[in-house]
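Single-structure report; data block below.
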Amino acid sequence: MTSRLRDELKEKVAQTKPEERHILLCGGVPCRSLRCLEVKEAVSDELHKHNFEEKVKVLETGCIGNCKLGPSLIIFPEGVVYRRLKTENAREIIEEHVLGGRLLEHLLHRDSISDELQHRREDMPFFQRQRRLVLKNCGMISPGINSYLSNQGYAALAKALTELTPEEVIAEVSRSGLRGRGGGGFPTGRKWQAARDTPGAEKYVICNGDEGDPGAFMDRSIMEGDPHSVLEGLILAAYAVGAGQGYIYVRAEYPLAVQRLERAIGEARKSHFLGDNILEQEFSFDLEIRVGAGAFVCGEETALITSVEGSRGDPNPRPPFPVQKGVWGCPTVINNVETLANIPAIVLNGAAWFAETGTEKSKGTKVFALAGKVRHTGLVEVPMGTTLREIIFDIGGGIPAGKKFKAAQTGGPSGGCLTEEHLDLPLDYDSLKAVGSIIGSGGLIIMDEDSCMVDVARYFCDFNRQESCGKCTPCRIGNKRMLEILEKIISGQGEEKDLQRLEDLALLIKNASLCGLGRSAPNPVLSTMRHFRDEYLAHIKDKHCPAGVCPELSRYYIDAKECRACGLCARICPVEAIYEVENERVYRIDPEKCVDCGQCQEECPFEAIEGGRKRKKVAGV
Amino acid sequence: MITLTIDKQQVTVEKGTSVLEAARQLGIDIPTLCYLKDLNAPAACRVCIVQVEGRPTFDASCVLPAEEGMVVYTNTPEVLAARKQILELFLSDHPFECLTCERSLNCELQRLVKRYGIRDLHIEGERNHFITDDLSPSVVREPDKCVRCRRCISVCENYITAFVYRMVERSFQSIVAPAYNGSLMENSCIYCGQCITVCPTSALREKDSTAEVWEALANPDLHVVVQTAPAIRSSISEEFGFPVGSPVEGQMVAALRRLGFARVFDVCFAADICVMEESTEFLERLKEGGPFPQFTSCCPSWILFCEKFYPQLVDNLSAVKSPQQIFGVLAKTYYAKQEGLDPSKMFVVSIMPCVSKKYELLRPGMSASGFQDVDAELTTREFVQMLYQAGLDIKKLPPEEFDSPLGSASGAGIIFGSSGGVMEATLRTVYEKLSGEPLKRLELDEVRSQEYKKATIHAGEHELKVAVARGTGAARRLIDRMLEGEEEYHFVEVMACPGGCVGGGGQPIYFETNDWNEQISHRAKRSSGLYDLDRQKEYRKAHENPAVLQLYKDFLGEPGSPLAYKLLHSRNFPRKLYSEQPLLIQK
Amino acid sequence: MGNVRRRFYFFMKKPAAQLKEKAKGKYDKLDTVLEKYKGRGGVLVKVLQEAQEMYGHLPRELLIHVAYELDVPLSEVYSVVSFYSLFRTKTTGRIHLEVCSGTACYVKGMEDLLEYFRENLSLRPGGITDDEKYSLTTSNCMGVCSSAPVIKIGGELHGEMTLEKLQQLLKEHENDKQTQR
Ligand SMILES: Cc1cc2nc3c(=O)[nH]c(=O)nc-3n(C[C@H](O)[C@H](O)[C@H](O)COP(=O)(O)O)c2cc1C
Ligand code: SF4
Ligand code: SF4
Ligand code: SF4
Ligand code: SF4
Ligand code: SF4
Ligand code: SF4
Ligand code: SF4
Ligand code: SF4
Ligand code: FES
Ligand code: FES
Ligand code: FES
């Protein structure tokens, strides 16, 4: 922030009267996990102390997006964002800023790249580069129906019910080019049309809020921050396909989302957006929430259906597709949360408006959940076709602690990794598919040089193995065998033949499994093998883990070229594992004796000691 | 009609036909493991995969509907390689025990492995190890050999409706099992053994009693007699190269003599007694006014089913024991007395199409002779195994006659082996007693195609409503309609197995026919063999059988006499479906 | 064939009263829930969720009770319980710990948290300490990935975990428990 801007702001803060202010505090789960509710309480207490609790309202929103700054709050009308708050900060915020009109510079965010203070959301590169269509309300309004209504909420529904036939709604959605955000990228309009065309008196719509992909939290934020947009989308879907009953399937790990949705449903019923004769029209529709019980496969459509029916989430073969035969054997449309949240704006503003954003074949925006080794983790909404570089470096602020970017995992356990060579790849459904990954639901995990890609493959493989329902052979046994080979490689027992075995198995599982879980489970293995083959070979041939993650392959060794034979290490070593090689004037570590304490490495004045397990203990970065 | 191309051949099939069935019409046999047409198609095993042009991955042909213009390849190098890999995966989690395995040579997994020429395992790893459940007297479950085909789930759920199995757990360690992967004993199992007959491997099998019988036969102190059930004489023939359903009564008797049994008797004789007692009980109920309906009681699985699922109806079950038990008790009392034998030195073996009878002989009340009435039961399959061991080929033996007196049966006793037989046999007697004239062949109306059959019979002034349920599933539906007051009967026959004992859980396994309905029609052929035998009999009604009349005269008095009651009747009790304490605990 | 699940309507239509007697009274609270859902389709998972909430875990006796009351085979009930990872058949410790093992948390070193429990409390995922004080499970992702690594202690989420913070939290919880008693 240039000093001119800062002065302007200071002046504005000074001129605003306390009672014109209101405070928006992020109550998203990540911020809650950092005790934001205690901050809220402290702020309210302070206001109460000064008898201002009536005049200055404290509102709780869903995730603002930049969770790394949490707990954070925004003071309106200036729009000043204070970040990383503790309860101790409440007093100064109220006394100094709210009542005193003085800007608290030490609570402002300092951009890590430009080293400038940033006081408003709009100023932060994190937000500047985004285009928030789906998330427009998230973190800006409180999740109740009144805020939603005053932001054009349910206007699309009113328009559809009074002006548009169901066919026209479908046509609009088709023309917009909207594709499913749940991973498959199937054109939403086409799916609706298929369900509408299937004969049947009873039809269903389901919102897939299972979000089982570990490392993804877009859908959670939408359900919590803007539940009514999901409801409105779902009601519009029901109107379009002719459904009378719907379900929202939410995973049990999201209790706040369940609570918010429940409240939203209650409010919508009261306002006649749900129930019989919605808005006095012919159309009737109601909703029920189904809470999952911890099974990734239940995100898969056919498994979701069996789960909604109260049973074990076993997938079933397709065809018949859910649009032909879904819940209780009736035609069923299943859409992802984000897909549905896009609908109201499309109906309201028209297909052409929506299609302005994005690439030729992937329209609109995509929300990514940015996590892992990146400075600003949080929710990021960008137009389809934005490059990985923009997301990681411009929005995410790059990799922390001066480390090097190594890979980004998209699509979670069903996806693949992108490497440096893909940094300038425009992210959309088709470009990612072409390089062996998927856009998936939008999880974007950044990894730096400290991540071992063989270990990452093992992690995802283990995940898929655990989550396999066990119904079909390739997935049930194949994933287990793949994991065993990876574990073998990681423990230093790998042979070169294992790479061929891995690949054969991966292709079998991909091609012969029953459902999407198995069909995509080998992706992480295939893609790391493709992009990081040398790392696999280092594990297998050199018995060495370059990233220093795999314990068995992270032995300490002395680089003979660097060693000056000072002998210091040998004196330090607590187990006398280091000896001088006769007639060679170098020292060597006996791997049989070494207990991996790492002391020698720290002490060697010439940095001649390599290897060792580098992954740091939990640091919270 | 739909035309598609499979392996470059065109074929036209009805809409809704699967690619697999379409290929079969062309004579191309796509391998299967989990599929059992019209009963089970979970698309789980994936050995039936094919490549469809334009589709990115393989598809399971057993569930893939044929579409117009589809181009399918069933045998490309990729498909073959994938099938082999899948089979290798199966083997990588399977004990290599073929040499000592009961299902060797008729195991579907083994056959597939042979068919695809798997010579070497390219992939190995940790294997599951579960505890084998051999607690029940009838069925042994060895989960290590399970291929998760789910056929047992389907047959137990849809046909038997005992709902014993499900997938439990998930991932690699998931397994098809009763609740808690526990014992059948602690669950709702009724020991019908139908799951055994559909299991492609030896994960399910009967408890082996052959060793016990060989030992008894070798014991010089024991007088070992055998009784053979009606339904085995027309099914054992299949194992020796006769056409399906050929009755080989005489050769079977000859073989049993050569195995060393002191006497070879016919259960059908006991069935005649059963008819006498059961018809007496029925007439009694008519006099007393109920309770109706009277349910037949010669199928132990059905009794268990009623005790577990409809405990409120146990008093409707006829109290008369099954022919096996009637025979056993008469052998150790009446026959022992006649021959001057010490019943403690007798060993009674029965050969049945049934695994449930292994359980029945241990039920309370089955030691009315003062000793365990029946000492061991062999299924048809075990009997065949013994014949193999002894080197006896039924085809090469001359026919011989049953021993008397416990070997002379009427036609009524013989048709016991077929569904509807017990009903008809009993009615032949009841009808005559009520109306004074002989019953012509009982005509039953088909209800709900095969589910159950019913008839109304006018006997004297009585109008008798009767029904026959094939399988406990059909019985369940019939009873539910009855309990809802929609239907009313006086006499209902229930046999647990498809088609009655001819389709029993101990019968030869049709491992070559992956079509449930075809298996059922095979079973029907076995029963027509029995009706042929019935027609050839001199006496076709139990109460005309001179051996039976003699027995009552010499020993029991009359049907329903106190002695008959003591020896031939037993009690049935309500039972719990699930035991609260687990008997088998998986690690 | 296929979706046979839907045919349960004829299962145990008239269960004999005497068979249910044993469980009588024991699950009164659950019975009100069962009453609410009885006769409706697709409620098994819901009932089990509520039952677990009430009793902390799902013992065999409870599952048998649910099977009788909902007219669902025990095999089905157990199949469902063993399939979903959130159902527990064993008791939990007084302080239940849940470590997120999702990707973001994994990348941020959640394994070290597990190692901490393994080394200091001999506690592994799915396990419970001998004194039944702590039990530990892992979860796939708590959806708080931006604050990874994440741990839930006694149902409360804590983000950006470090070993020091963890030790601090455990101490606090112990004190809480003691003052409550
Ligand atoms: C293993 C697996 C897990 C999935 N998980 C999710 C999920 O958590 N959320 C979701 O919306 N879609 C998930 N999907 C995709 C859904 O099956 C489905 O394609 C999607 O919900 C359709 O909605 P859309 O057309 O709006 O994308 C998953 C698919 C697979 C194969
Ligand atoms: S692919 Fe995996 S998850 Fe899907 S049905 Fe097969 S075993 Fe189940
Ligand atoms: S301390 Fe370094 S330079 Fe000195 S002997 Fe050891 S490895 Fe060589
Ligand atoms: S790491 Fe520790 S034990 Fe190993 S050689 Fe160095 S000082 Fe010795
Ligand atoms: S079940 Fe089949 S494959 Fe397995 S050991 Fe027995 S015969 Fe061999
Ligand atoms: S089949 Fe092969 S392994 Fe088996 S007994 Fe014969 S030679 Fe030996
Ligand atoms: S023996 Fe019969 S009742 Fe028992 S599990 Fe097998 S099929 Fe079901
Ligand atoms: S026990 Fe037999 S029938 Fe049942 S799933 Fe296993 S292999 Fe199939
Ligand atoms: S029908 Fe026959 S074979 Fe089947 S269980 Fe009953 S008695 Fe045994
Ligand atoms: S939860 Fe507060 S900013 Fe994301
Ligand atoms: S999947 Fe078709 S036979 Fe098993
Ligand atoms: S990965 Fe741990 S909260 Fe998402």
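The values are calculated or read from the model by the stated rules, or taken from the named source; none is laboratory data. All of these numbers come straight from a predicted model, not from anything done at the bench. When we count neighbours, we look across all protein chains shown, and the Cβ atoms used for this are built from the backbone with ideal geometry, even at glycine. Areas reflect the complete protein model, heavy atoms only, side chains present, ligands, DNA and RNA absent. Shrake-Rupley method; radii C 1.70, N 1.55, O 1.52, S 1.80 Å.
When segment A:598-616 is limited to residues that are closer than 22 Å to C:Thr162 by Cβ and modelled with pLDDT of 80 or more, the one that is surrounded by the fewest Cβ atoms within 10 Å (Cβ to Cβ) turns out to be A:Glu602. When residues in segment A:1-33 are screened for being open to solvent by less than 30 Å² (accessible area, probe 1.4 Å) and of a type in the set (Gly, Ala, Ser), 3 of them pass.
Residue-by-condition table, conditions (1) open to solvent by less than 10 Å² (accessible area, probe 1.4 Å); (2) more than 16 Å from ligand 3 (Cβ to nearest atom); (3) more than 25 Å from B:Ile86 (Cα to Cα):
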position	(1), (2), (3)
B:Asp120	no, yes, no
B:Glu124	no, yes, no
B:Phe130	no, yes, no
B:Leu135	no, yes, yes
B:Val139	yes, yes, yes
B:Thr161	yes, yes, yes
B:Val176	yes, yes, no
B:Leu184	yes, yes, yes
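Looking across segment B:211-221, the residues that are closer than 21 Å to B:Gln385 by Cβ and open to solvent by 10 Å² or more (accessible area, probe 1.4 Å) come down to B:Ala211, B:Glu212, B:Trp214, B:Glu215, B:Leu217, B:Ala218, B:Asn219. Here B:Leu533 passes the criteria (1) modelled with pLDDT under 90; (2) under 30 Å from C:Asp71 (Cα atoms) except the one numbered (2). For segment B:1-57, taking the residues that are hydroxyl-bearing (Ser, Thr, Tyr) and assigned to a strand (DSSP E or B), the one that is nearest to B:Val72 (Cα to Cα) is identified as B:Thr5.
Condition check for A:Asp115 on (1) in a helix (DSSP H, G or I); (2) surrounded by fewer than 17 Cβ atoms within 10 Å (Cβ to Cβ); (3) among the charged types (D, E, K, R): one failure, at (1).
Take the conditions open to solvent by 20 Å² or more (accessible area, probe 1.4 Å) and free of Cβ contacts under 8 Å to residues at least 40 places away in the same chain and apply them to A:Asp504. Does it pass? Yes.
Could you check, for segment A:158-165, whether at least one of its residues is open to solvent by 50 Å² or more (accessible area, probe 1.4 Å), of a type in the set (Ser, Thr, Tyr) and not in a loop (DSSP other than H, G, I, E, B)? Looking for residues that are open to solvent by 50 Å² or more (accessible area, probe 1.4 Å), of a type in the set (Ser, Thr, Tyr) and not in a loop (DSSP other than H, G, I, E, B), one finds at least one in segment A:158-165, hence yes. Answer with yes or no whether B:Ser318 is more than 14 Å from chain C (Cβ to nearest Cβ), out of contact with any strand residue (DSSP E or B) (no Cβ under 6 Å at 6 or more places or on another chain), crowded, with 20+ Cβ neighbours inside 10 Å and under 23 Å from B:Pro291 (Cβ atoms). Here the answer is no, as B:Ser318 does not meet what is asked. Picking from residues in segment A:23-74 that are among the hydroxyl-bearing types (Ser, Thr, Tyr) and either under 18 Å from A:Gly378 (Cα atoms) or within 14 Å of chain C (Cβ to nearest Cβ) (or both), the one that is nearest to the chain's Cα centre (by Cα) is A:Ser33. Answer with yes or no whether C:Tyr55 is open to solvent by 10 Å² or more (accessible area, probe 1.4 Å), among the aromatic types (Phe, Trp, Tyr) and either in contact with a strand residue (DSSP E or B) (Cβ under 7 Å, 6 or more places away or on another chain) or touching a residue at least 40 places away in the same chain (Cβ under 8 Å) (or both). For C:Tyr55, the condition - open to solvent by 10 Å² or more (accessible area, probe 1.4 Å), among the aromatic types (Phe, Trp, Tyr) and either in contact with a strand residue (DSSP E or B) (Cβ under 7 Å, 6 or more places away or on another chain) or touching a residue at least 40 places away in the same chain (Cβ under 8 Å) (or both) - is not met.
Any residue at all in segment B:207-223 that is within 14 Å of chain A (Cβ to nearest Cβ), outside any helix (DSSP H, G or I) and modelled with pLDDT of 95 or more? No: zero hits. Looking for whichever is within 10 Å of chain A (Cβ to nearest Cβ), open to solvent by 60 Å² or more (accessible area, probe 1.4 Å) and not acidic (Asp, Glu) here; the options are C:Lys108, C:Lys165. Which one fits? Among C:Lys108, C:Lys165, only C:Lys165 is within 10 Å of chain A (Cβ to nearest Cβ), open to solvent by 60 Å² or more (accessible area, probe 1.4 Å) and not acidic (Asp, Glu). Whenever a residue of segment A:190-219 is over 15 Å from C:Gly102 (Cα atoms) and within 14 Å of chain C (Cβ to nearest Cβ), its partners that are open to solvent by 30 Å² or more (accessible area, probe 1.4 Å) and away from ligand 2 (no atom under 16 Å from the Cβ), lying with C-beta atoms within less than 6 angstrom and at least six residues away or across chains, give the pairs A:Tyr204/A:Gln245.
For (1) more than 16 Å from ligand 2 (Cβ to nearest atom); (2) in contact with a His (Cβ under 9 Å, 6 or more places away or on another chain); (3) assigned to a helix (DSSP H, G or I); (4) within 14 Å of chain B (Cβ to nearest Cβ), each residue gets a yes or a no:
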position: A:Asp534; (1), (2), (3), (4): yes, no, yes, no
position: A:Val549; (1), (2), (3), (4): yes, no, no, no
position: A:Tyr557; (1), (2), (3), (4): yes, yes, no, no
position: A:Lys561; (1), (2), (3), (4): yes, no, no, no
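Scan C:Thr129, C:Thr103 and give me the residue that is among the hydroxyl-bearing types (Ser, Thr, Tyr), buried (at least 20 other Cβ atoms within 10 Å of the Cβ) and more than 13 Å from the chain's Cα centre (by Cα). So the residue among C:Thr129, C:Thr103 that is among the hydroxyl-bearing types (Ser, Thr, Tyr), buried (at least 20 other Cβ atoms within 10 Å of the Cβ) and more than 13 Å from the chain's Cα centre (by Cα) is C:Thr103.
Within segment B:264-314, being surrounded by fewer than 20 Cβ atoms within 10 Å (Cβ to Cβ) and not in a helix (DSSP H, G or I) holds for B:Gly289, B:Gly290, B:Pro291, B:Phe292. The single condition among (1) in contact with a Lys or Arg (Cβ under 7 Å, 6 or more places away or on another chain); (2) more than 9 Å from every other protein chain (Cβ to nearest Cβ); (3) of a type in the set (Val, Ile, Thr) that C:Val80 does not satisfy is (2).
Taking the criterion of being within 17 Å of A:Ser307 (Cα to Cα) and surrounded by fewer than 24 Cβ atoms within 10 Å (Cβ to Cβ), the residues of segment A:248-257 that qualify are A:Tyr249, A:Ala252. Screening B:Arg119 against (1) away from ligand 7 (no atom under 16 Å from the Cβ); (2) free of Cβ contacts under 8 Å to residues at least 24 places away in the same chain; (3) closer than 30 Å to B:Cys189 by Cα leaves a single unmet condition, (3). Close Cβ contacts (under 6 Å, 6 or more residues apart or on different chains) running from residues in segment B:174-190 that are closer than 11 Å to B:Leu584 by Cβ and more than 13 Å from chain A (Cβ to nearest Cβ) to residues that are in a loop (DSSP other than H, G, I, E, B) and within 16 Å of ligand 9 (Cβ to nearest atom) comprise B:Pro178/B:Val164; B:Leu184/B:Ser136; B:Met185/B:Ser136; B:Asn187/B:Val164. Taken over segment C:134-154, the criterion of being at pLDDT 90 or above and open to solvent by 30 Å² or more (accessible area, probe 1.4 Å) is satisfied by C:Thr137, C:Thr138, C:Lys152.
Within segment B:38-74, the set of residues being away from chain A (no Cβ under 13 Å), touching an Asp or Glu at 6+ places or on another chain (Cβ under 9 Å), modelled with pLDDT of 95 or more and open to solvent by 10 Å² or more (accessible area, probe 1.4 Å) comprises B:Val71, B:Tyr73. One residue stands out in segment B:75-112 among those that are within 14 Å of chain A (Cβ to nearest Cβ) and β-branched (Val, Ile, Thr): the one that is nearest to B:Asp7 (Cα to Cα), namely B:Thr76.
Being open to solvent by 10 Å² or more (accessible area, probe 1.4 Å), part of a strand (DSSP E or B), more than 16 Å from ligand 12 (Cβ to nearest atom) and within 11 Å of another protein chain (Cβ to nearest Cβ) is a condition met by at least one residue of segment A:281-289.
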